[in-house]
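First comes the structure, then the notes that go with it.
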Amino acid sequence: MKEVFHKNFHILESVESGKGNRKRMFILDTWKPPQDIWLIGCAIGLLCIKSDNFEIYLAVSKNPELEPIKYLVGLKKDWLFYQQRDVYAYSTGINDLMSYQFLPEGHGFLIKKDEPIYIKVGAVNLTINTAEYDAFCNLYYTLA
């Protein structure tokens, strides 16, 4: 049995309300593994207070592009792992807040030594107040 390792990424962020400022999309971090790995899974958490109209996104990707910005499409393409949370009501349980995604046993995404993996985060705030959120992920991998 192979040993499973993990790498964490996390940010506390806010998005202002109002025209032009209500969308935010960026690369949270870039990770280059020090040796070849098999990326086998990911845990993603997207947390915020209950809101009328707020969306949070996190994608793990080998593509650094953020364009096009409209509908945050740049974040939603070419992903390895992805999670979106549309916050229109109170959470109904842990599955609203956390997503555990694992590939079937014996499978993984081969990431070569020093090949970049991008952790991309996006948020849309259509409320009248500044909204704060917490986005994090934990990548799970084995050595190749």
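Values in this text are rule-based calculations from the coordinates and carry no lab data. The structure presented is a predicted model; accordingly, all values stated were derived computationally and were not measured. Cβ atoms come from the backbone with ideal geometry, glycine included; neighbour counts cover every protein chain shown.
Checking each residue in region 8-20 for being in contact (Cβ under 8 Å) with a residue 12 or more places away in the chain, surrounded by fewer than 17 Cβ atoms within 10 Å (Cβ to Cβ) and either within 21 Å of E65 (Cβ to Cβ) or out of contact with any Cys (no Cβ under 9 Å at 6 or more places or on another chain) (or both) picks out I11, L12, E13, S14, E16, S17. The lone criterion from (1) over 16 Å from T30 (Cβ atoms); (2) under 11 Å from the mean Cα position of the chain (by Cα); (3) not hydroxyl-bearing (S, T, Y) left unmet by V87 is number (2).
Tallying residues that are touching a Leu at 6+ places or on another chain (Cβ under 8 Å), farther than 20 Å from I27 by Cα and surrounded by 14 or more Cβ atoms within 10 Å (Cβ to Cβ) within region 50-84 yields 1. Pairs meeting the criteria (first residue in region 86-110 and touching a residue at least 24 places away in the same chain (Cβ under 8 Å), second residue assigned to a loop (DSSP other than H, G, I, E, B) and hydroxyl-bearing (S, T, Y), beta carbons under 8 Å, at least 6 apart or on different chains) are V87/S51; Y88/S51; L97/S91.
For region 48-58, does any single residue satisfy the condition of being farther than 19 Å from N129 by Cα, touching a residue at least 40 places away in the same chain (Cβ under 8 Å) and not hydroxyl-bearing (S, T, Y)? For region 48-58, residues farther than 19 Å from N129 by Cα, touching a residue at least 40 places away in the same chain (Cβ under 8 Å) and not hydroxyl-bearing (S, T, Y): present.
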